[in-house]
């Protein structure tokens, strides 16, 4: 089970790299709003590569600070994407920026209360599910309007929903054998693989 976890993790890295490559190749022909999808996977590449460089080359023993950067950055990019996509009030971007800053500094502000960044991740996922769900409902109402990234949006919704349960129960799972813990993260990795695969499929569908 442990080996399967690492194989799925490696697969996520490979698919992310290919998704980034194809997104860059298609960058000029993607619409201005849809470029935020590209910004998102570039941000993920930045987080993953930073973590690898810090641990493997700079011998950092603790890179947990990247986790809160990931939470804040992911929230800000995805909320900006869907706010623009649905043509919502632009002031909502300011609100999402403030929430993102909260995620970035919450563990410091509430250090005396043993605040865990998993709380931020759970709150972030709940807000993202609401926003993406609202967008998907809009897509249903306007079914004639072709949405190239709709499959990715649906997978986002499912992924963030499942992730909530993973982050809620992961600490309880630590009390069980490691295989129980790994099963949840294997599921998480496989869902990430599907998202990256959909990115690759979507970018390959764009024609010059």
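The values are calculated or read from the model by the stated rules, or taken from the named source; none is laboratory data. Everything numeric in this text was worked out from a predicted model, so none of it was measured. Note: ideal-geometry Cβ built from the backbone for every residue, glycine included; neighbour counts use all protein chains shown.
Scan the range 54-69 for residues that are surrounded by 13 or more Cβ atoms within 10 Å (Cβ to Cβ) and either within 21 Å of residue 135 (Cα to Cα) or in contact (Cβ under 8 Å) with a residue 24 or more places away in the chain (or both) and the total you get is 3.
Residues of the range 150-165 that are at pLDDT below 90 and crowded, with 19+ Cβ neighbours inside 10 Å: 163 alone.
If you check 203, 181 for being surrounded by 15 or more Cβ atoms within 10 Å (Cβ to Cβ), in a helix (DSSP H, G or I), more than 14 Å from the chain's Cα centre (by Cα) and modelled with pLDDT under 75, only one passes: 181.
Checked against (1) assigned to a helix (DSSP H, G or I); (2) more than 25 Å from residue 185 (Cα to Cα), residue 147 passes all but a single condition, namely (1).
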